[in-house]
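Student: The following block contains the structure, expressed as structure tokens.
The values are calculated or read from the model by the stated rules, or taken from the named source; none is laboratory data. This structure is a prediction, so every number in the text was calculated from the model and none was measured. Don't worry about glycine lacking a Cβ; one is built from the backbone with ideal geometry, like all the others, and counts go over all protein chains shown.
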Amino acid sequence: MSTARPDVTGIEAPVYLHYHFTAGTAPARFLVRLREGLLSGQRCPRCAKVYIPARGSCPACGVPTTEEVLLPDRGTVQSFTIVHIPIPGNPIEPPYVVANIVLDGANISFIHLLSDCVNEAVRIGQRVEAVWRPPEEWDYAMDNIRHFRPLDEPDVPVERIGTLPVSGPAVPR
Amino acid sequence: MRDIAVVAFSQSACVADIGAVNEVELIMPQLQAVYAQVGLSSAQDVDFVCSGSCDYLQGAAFAFVAGVDALGAVPPLKESHVEMDAAWALYEAVLKIRTGHADSALLYGFGKSSPGELPAVLSQRLDPYYLAPLWLDTVSLAALQARMLLDSGSITESDMAAVVSRSRQNAQANPLAQLAGDIGVAALLQDDYLLAPLRRGDCAPVSDGAAAMIIATVEQARRWGVPYARLTGIDQRIESHNPCMRDLTDSVSTRQAAAAAGVHEAALDVAEIYAPFSHQEIILTRALGLDEAIAVNPSGGVLAGNLMMASGLARVGEVFQRIVNGDARRGVAHATSGPCLQHNLVAVLEGA
Amino acid sequence: MAEWAAVVGIGQTRYKTRRSDVSIAGLLREAVDRALADAGVGFDDIDAVVIGKAPDMFEGVIMPESYLADALGASGKPMLRVHTAGSVGGSTAIVAASHVQSGTFKRVLTVTYEKQSESNAMWALSTPQPFSVHLNAGAGGYFAPIIREYIRRANAPEGVGIRVAVKDRRHGARNPLAHLQLPDITEQEVRDSMMLWDPLRFLEACPSSDGACAMVIAAADSISGNKPPAWIRGVAMRSEPTMYAGRDEVSPQAGRDCATDVYAQAGITDPRRDFDCAEVYVPFSWYEPMWLENLGFASPGEGWKLTLDGATSLDDGGDIPWNCSGGVLSSNPIGASGMIRFAEAARQVRGDAGAHQVENARLALGHAYGGGAQFFSMWVVGADKN
């Protein structure tokens with residue numbers, strides 16, 4: 001050994017695996033409806049709670065769900081966070097609000113972007129509605145809703161969040 | 001030690017691609033089936049739940065978390081998970097019952113391999129520094145093993161084809177099998193090699209599906225008033241990972257597990273062996289010390305249908321069903337994991 | 001009915017961002033060799049090996065027990081791989097204990113690890129799926145709204161999280177194995193650190209660490225080593241779905257039920273009074289007051305008062321110190337983090353916790369949680385059997 005070489009402490013071993021992902025029967029139904037500009041959930045036959053997006057079972061009861069429930073695109077902020085963390089390549093400019101939103105008629109929240117608002121004024125119980133992309137951009141994806149924005153309605157009392165009835169027709173925007 | 005019984009088993013039909021069905025939709029019918037066999041209404045009626053699955057089959061982290069949505073875990077359940085075949089979930093549950101912390105357990109395994117290319121996916125199970133970067137897939141490794149057996153003179157290609165022929169013929173009586181038919185050794189040997197010396201028929205198919213089982217103490221089984229088979233022994237052993245560091249023509253860990261599970265303490269009349277490749281069934285039959293009189297893989301075994309992460313549990317289920325149906329009195333079930341039979345589990349079941 | 005089991009050996013690596021000087025197996029062996037030495041035994045004395053870690057995608061090694069069997073001396077022995085999300089370190093310890101408590105084995109080696117630096121864990125957790133939007137919010141983005149709801153519900157003052165962040169880092173500075181060594185950290189520093197997921201700041205979140213933790217668990221007739229055993233007085237696990245209608249995400253029922261179960265086994269009636277200390281999985285500062293309530297150390301809405309009163313601080317002489325090792329806020333090799341809690345609880349009752357020892361600790365709680373705060377595992381260890 002004439003010259004000392006640095007120790008090899010690691011090697012690059014990239015892993016490429018290809019998958020053909022399938023969502024499942026119930027999520028596929030949800031995505032097809034989204035393509036039509038509609039928000040579709042499922043009602044549990046045992047506890048009658050409405051789940052969106054549904055996975056084909058009621059997680060609380062462990063029974064299959066099949067009954068479709070179309071929901072309006074307005075709801076209530078269950079909770080939220082303001083994201084400041086800079087992530088390289090993130091198309092969304094921080095700070096932005098990520099909210100847990102419960103649609104009227106649903107009993108479960110999902111996470112979405114809350115925009116067209118003053119971040120500091122966002123609050124639990126705030127009323128919001130969906131802002132859709134133009135129909136020609138719709139795909140089988142939750143991104144069809146660009147974001148949610150505040151509605152000029154009174155806040156919902158905290159104990160009633162997640163229990164509101166369907167507030168209006170479910171119609172493509 | 002407490003006497004433990006298998007009281008219910010169900011598995012889905014083995015299909016190559018189940019299509020647009022997610023984990024929950026895969027598992028739930030099997031859970032409903034085992035509940036019905038015992039007369040339970042849900043997982044709330046057992047003391048412990050344990051499952052087996054592998055994230056990489058579906059290509060998403062935390063695949064098992066979605067599985068919990070099939071259970072109805074409200075109120076919360078005593079629940080655990082192994083990133084292994086569900087036969088090892090059975091092993092964990094047996095220990096749990098022996099501690100006295102549970103009298104009964106629900107087990108399930110599920111796998112949806114169709115979204116990915118299974119042999120390539122499983123190549124990433126090998127030593128990440130020396131073997132995985134070679135993309136040495138599971139079929140190639142098995143082919144190396146088969147070649148060693150053939151060259152040692154201890155088997156012939158006809159012996160391998162005979163295993164396949166018997167699997168297909170037995171599978172004709174198994175409505176859940178993926179591959180079944182009346183095909184002879186000569187016809188099988190006509191096929192081209194897939195990866196010499198392995199032909200397509202020598203390799204287990206890849207199947208999507210799930211299996212579920214309920215076990216309990218014998219006292220609990222009697223209280224439930226259902227037919228049961230006693231699980232009189234269970235043991236599992238691993239051996240060296242590196243295929244160059246062990247004798248691939250034998251399965252030492254199977255011998256160890258079989259001895260510890262008491263396989264030969266009484267006569268056997270059935271064996272269900274998890275051999276994903278035809279030559280491995282021969283290795284395992286020898287390691288388990290099974291003689292000609294014992295029916296090996298009457299279901300067709302995994303060469304006729306292979307539910308990844310559930311096939312091992314299904315072998316136990318097959319023996320259970322034969323015992324409670326009166327077709328067998330005492331049987332052995334085997335599960336394997338890892339490249340070239342690295343890790344093996346052996347269970348012994350007897351009539352009540 | 002269960003046989004008595006005890007922790008007789010504990011081994012941990014130093015926790016740090018990158019351990020590029022060792023392989024995955026080498027990392028585990030560091031912890032394992034120390035645990036075996038602590039127990040005064042060798043591989044030949046071990047009957048079975050139980051291994052745990054978080055998702056395989058964190059390192060890109062599928063079902064790594066296959067590869068690790070040789071390095072862990074498992075050849076010819078039973079081996080099991082547990083995976084229950086973030087609670088896995090705790091669950092693995094419990095499954096290992098069941099090997100002994102069932103009367104099946106005399107002495108079991110258990111080890112958990114994460115070597116996140118060898119892959120990209122952020123990627124592993126963010127394979128996009130079409131039915132949810134891809135918001136790049138990470139784990140903090142999931143837990144921050146739940147914390148916000150806690151603050152509203154408990155009417156907690158703004159600085160509680162900051163207090164926890166400082167307390168656990170000062171504890172961590174007593175522990176030479178801790179990843180973050182910040183002995184001089186101040187509340188102002190935490191307050192000035194970058195807001196990541198409002199209300200969580202950078203210094204209120206856990207680091208990402210490489211590391212491993214191992215234990216030897218033995219039956220009552222197989223106690224070894226020069227240190228006293230830590231007797232396992234109770235074990236419990238609970239799981240609930242990630243989301244269901246009406247789920248209390250702030251104080252999950254699975255956590256409450258798990259605590260009730262493990263306390264009943266160990267004869268705990270008042271956890272704040274009965275325990276001498278606790279090692280509880282707190283990856284984000286606010287989870288201390290939240291778990292104080294969930295685990296019954298404080299009444300609902302009162303947890304933050306214990307934190308502000310210094311009750312959980314070793315430095316302030318609190319009556320119920322939490323996370324004397326520095327906790328997850330000081331070291332977070334995900335798959336091992338739960339077992340570290342369990343092992344650190346055992347170190348305390350063995351009187352072997354060094355500079356972060358709680359004086360005369362006789363009874364301690366180890367706690368872990370995972371997923372969307374839906375998987376829980378806990379154990380109670382004591383210097384005495386009862």
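Student: Looking only at the range C:233-254, count every residue that is of a type in the set (S, T, N, Q), within 12 Å of chain A (Cβ to nearest Cβ) and in a loop (DSSP other than H, G, I, E, B) and tell me the total. Reasoning before the result, please.
Tutor: Restricting attention to the range C:233-254, the residues satisfying the condition of being of a type in the set (S, T, N, Q) are C:239, C:242, C:251, C:253.
Among the residues that remain, those that are also within 12 Å of chain A (Cβ to nearest Cβ) are: C:239, C:242, C:253.
With in a loop (DSSP other than H, G, I, E, B) added as a condition, the list becomes C:242.
Adding up the residues that qualify gives 1.
Student: In the range C:194-218, what residues are among the hydrophobic types (A, V, I, L, M, F, W, C) and not in a strand (DSSP E or B)? Can you show your working first?
Tutor: Applying the first criterion (among the hydrophobic types (A, V, I, L, M, F, W, C)) to the range C:194-218 yields C:194-197, C:200, C:202-203, C:205-206, C:212-218.
The answer is C:Met194, C:Phe202, C:Leu203, C:Cys206.
Student: Scan the range C:75-88 residue by residue and report those that are more than 15 Å from C:Glu65 (Cα to Cα) and either assigned to a strand (DSSP E or B) or more than 7 Å from chain B (Cβ to nearest Cβ) (or both).
Tutor: C:Thr84, C:Gly86, C:Ser87 - these are the residues of the range C:75-88 that are more than 15 Å from C:Glu65 (Cα to Cα) and either assigned to a strand (DSSP E or B) or more than 7 Å from chain B (Cβ to nearest Cβ) (or both).
Student: Could you tell me how many of the residues in the range C:25-58 are within 23 Å of C:Leu180 (Cβ to Cβ) and hydrophobic (A, V, I, L, M, F, W, C)?
Tutor: 5
Student: Moving to a separate point now. When you scan the range C:168-198, how many residues do you find that are farther than 30 Å from A:Ala99 by Cβ and in contact with a strand residue (DSSP E or B) (Cβ under 6 Å, 6 or more places away or on another chain)?
Tutor: 2
Student: Being at positive phi and under 19 Å from the mean Cα position of the chain (by Cα) is the filter here; which residues of the range C:249-276 pass it?
Tutor: none
Student: Now a separate question. What about C:Val82, is it within 20 Å of the chain's Cα centre (by Cα), farther than 27 Å from B:Ala258 by Cβ and buried (at least 24 other Cβ atoms within 10 Å of the Cβ)?
Tutor: No: the conditions fail for C:Val82.
Student: Still on this model: Looking at B:Ala13, B:Ala93, B:Ala86, B:Ala43 in this structure, which one is surrounded by fewer than 21 Cβ atoms within 10 Å (Cβ to Cβ) and within 30 Å of B:Ala261 (Cβ to Cβ)?
Tutor: The unique qualifying residue is B:Ala13.
Student: So, one more: Determine the pairs where a residue that is at positive phi, located within the range A:108-137, has a partner that is surrounded by 13 or more Cβ atoms within 10 Å (Cβ to Cβ) and not in a loop (DSSP other than H, G, I, E, B) with Cβ atoms under 8 Å apart, the partner being 6 or more residues away or on another chain.
Tutor: A:Asp116/A:Val131; A:Asp116/A:His147; A:Asp116/A:Arg149; A:Asp116/A:Pro150; A:Gly125/A:Thr76; A:Gly125/A:Val77; A:Gly125/A:Val158
Student: In the set B:Ala36, B:Ala66, B:Ala61, which member is farther than 14 Å from A:Gly56 by Cβ, assigned to a helix (DSSP H, G or I) and not hydroxyl-bearing (Ser, Thr, Tyr)? Before you say what the answer is, go through the steps one by one.
Tutor: Working: B:Ala66 fails: farther than 14 Å from A:Gly56 by Cβ; B:Ala61 fails: assigned to a helix (DSSP H, G or I).
Unique residue meeting the criteria: B:Ala36.
Student: When the range B:70-87 is examined, which residues are found to be in contact with an Asp or Glu (Cβ under 8 Å, 6 or more places away or on another chain) and facing chain A (nearest Cβ under 9 Å)? Working first, answer last.
Tutor: Here is the first cut: in the range B:70-87, the residues in contact with an Asp or Glu (Cβ under 8 Å, 6 or more places away or on another chain) are B:70-71, B:73-78, B:80, B:82-84.
Across the range B:70-87, the qualifying residues are B:Ala70, B:Leu71, B:Ala73, B:Val74.
Student: Quick one: would you say C:Glu30 is among the charged types (D, E, K, R), within 26 Å of C:Gly225 (Cα to Cα), modelled with pLDDT of 95 or more and outside any loop (DSSP other than H, G, I, E, B)?
Tutor: In short, yes.
Student: Just the residues that are assigned to a strand (DSSP E or B) and within 17 Å of C:Ala35 (Cβ to Cβ), please, taken from the range C:219-232.
Tutor: C:Ala219, C:Ala230, C:Ile232
Student: Between a first residue in the range B:42-56 that is at negative phi and a second residue that is in a loop (DSSP other than H, G, I, E, B) and acidic (Asp, Glu), which pairs have beta carbons less than 7 Å apart while being 6 or more apart in sequence or on different chains?
Tutor: Matching pairs, first to second residue: B:Asp47/B:Asp103; B:Gly52/B:Asp85; B:Cys54/B:Glu83.
Student: Now for a different question. Kindly indicate whether any position in the range A:112-124 is touching a Ser or Thr at 6+ places or on another chain (Cβ under 8 Å), within 18 Å of C:Met195 (Cα to Cα) and more than 8 Å from chain C (Cβ to nearest Cβ).
Tutor: No, because not a single residue in the range A:112-124 is touching a Ser or Thr at 6+ places or on another chain (Cβ under 8 Å), within 18 Å of C:Met195 (Cα to Cα) and more than 8 Å from chain C (Cβ to nearest Cβ).
Student: Cβ-Cβ distance below 9 Å, separation of 6 or more or different chains: which pairs start in the range C:38-63 with a residue that is aromatic (Phe, Trp, Tyr) and end on one that is part of a strand (DSSP E or B)?
Tutor: Final answer for the pair search is C:Phe43/C:Leu109; C:Phe58/C:Glu114; C:Phe58/C:Lys115.
Student: Still on this structure, please answer the following. Which one is farthest from the chain's Cα centre (by Cα) among residues in the range B:112-150 that are within 13 Å of chain C (Cβ to nearest Cβ), under 28 Å from A:Thr22 (Cβ atoms) and part of a helix (DSSP H, G or I)?
Tutor: B:Ala132
Student: Next question, about the same structure. Does A:Thr81 fit the bill of being outside any loop (DSSP other than H, G, I, E, B) and either free of Cβ contacts under 8 Å to residues at least 60 places away in the same chain or more than 17 Å from the chain's Cα centre (by Cα) (or both)?
Tutor: On the way: outside any loop (DSSP other than H, G, I, E, B): yes; either free of Cβ contacts under 8 Å to residues at least 60 places away in the same chain or more than 17 Å from the chain's Cα centre (by Cα) (or both): yes.
It is true that A:Thr81 is outside any loop (DSSP other than H, G, I, E, B) and either free of Cβ contacts under 8 Å to residues at least 60 places away in the same chain or more than 17 Å from the chain's Cα centre (by Cα) (or both).
Student: Right, another one. Condition check: surrounded by fewer than 18 Cβ atoms within 10 Å (Cβ to Cβ), closer than 22 Å to A:Ile101 by Cα, facing chain B (nearest Cβ under 10 Å) and free of Cβ contacts under 8 Å to residues at least 60 places away in the same chain. Does A:Cys47 satisfy that?
Tutor: Answer is yes for this residue.
Student: If you don't mind, there's one more thing I want to ask. Applying the selection to the range A:60-95, what residues are in contact with a helix residue (DSSP H, G or I) (Cβ under 8 Å, 6 or more places away or on another chain), away from chain B (no Cβ under 14 Å) and surrounded by 19 or more Cβ atoms within 10 Å (Cβ to Cβ)?
Tutor: Answer for the range A:60-95, where residues must be in contact with a helix residue (DSSP H, G or I) (Cβ under 8 Å, 6 or more places away or on another chain), away from chain B (no Cβ under 14 Å) and surrounded by 19 or more Cβ atoms within 10 Å (Cβ to Cβ): A:Gln78, A:Ser79, A:Phe80, A:Thr81, A:Ile82, A:Val83, A:Ile85.
Okay, residues lined up against (1) over 21 Å from B:Tyr91 (Cα atoms); (2) in contact (Cβ under 8 Å) with a residue 40 or more places away in the chain:
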position: B:Asp291; (1), (2): yes, no
position: B:Asn297; (1), (2): yes, yes
position: B:Ala304; (1), (2): yes, yes
position: B:Met309; (1), (2): no, yes
position: B:Gly317; (1), (2): no, yes
position: B:Phe320; (1), (2): no, yes
position: B:Gly326; (1), (2): yes, no
position: B:Arg329; (1), (2): yes, yes
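Student: Sticking with this structure for a sec: Being within 14 Å of chain B (Cβ to nearest Cβ) and surrounded by fewer than 24 Cβ atoms within 10 Å (Cβ to Cβ), is that true of even one residue in the range C:369-383?
Tutor: Yes, there is a match, as at least one residue in the range C:369-383 is within 14 Å of chain B (Cβ to nearest Cβ) and surrounded by fewer than 24 Cβ atoms within 10 Å (Cβ to Cβ).
Student: Taking into account only those residues within the range A:105-124 that are part of a helix (DSSP H, G or I) and of a type outside the set (Asp, Glu), which is farthest from C:Arg153 (Cα to Cα)?
Tutor: Top of the filtered list is A:Asn119.
Student: Still on this structure: So C:Ser325 ticks every box in (1) assigned to a loop (DSSP other than H, G, I, E, B); (2) more than 23 Å from C:Ala156 (Cα to Cα); (3) within 14 Å of another protein chain (Cβ to nearest Cβ) but one. Which box is left unticked?
Tutor: Unmet condition: (3).
Student: I'd like the full set of residues that are more than 24 Å from B:Asp151 (Cα to Cα), within 12 Å of chain C (Cβ to nearest Cβ) and in contact (Cβ under 8 Å) with a residue 40 or more places away in the chain, limited to the range B:231-259.
Tutor: Those that are more than 24 Å from B:Asp151 (Cα to Cα), within 12 Å of chain C (Cβ to nearest Cβ) and in contact (Cβ under 8 Å) with a residue 40 or more places away in the chain: B:Gly233, B:Ile234, B:Asp235, B:Gln236, B:Arg237, B:Ile238, B:Ala257.
Student: So if I check each of B:Ile18, B:Ile27, which one is within 14 Å of chain A (Cβ to nearest Cβ), of a type outside the set (Ser, Thr, Tyr) and in a loop (DSSP other than H, G, I, E, B)?
Tutor: Sole residue among the options that is within 14 Å of chain A (Cβ to nearest Cβ), of a type outside the set (Ser, Thr, Tyr) and in a loop (DSSP other than H, G, I, E, B): B:Ile18.
Student: Same structure, new question: Which of the residues belonging to the range C:277-294 are more than 11 Å from C:Trp322 (Cβ to Cβ) and assigned to a loop (DSSP other than H, G, I, E, B)?
Tutor: Selection gives C:Pro283, C:Ser285, C:Trp286.
Student: Does the range C:37-54 hold any residues that are surrounded by 22 or more Cβ atoms within 10 Å (Cβ to Cβ) and assigned to a helix (DSSP H, G or I), and which are they?
Tutor: Across the range C:37-54, the qualifying residues are C:Asp38, C:Ala39.
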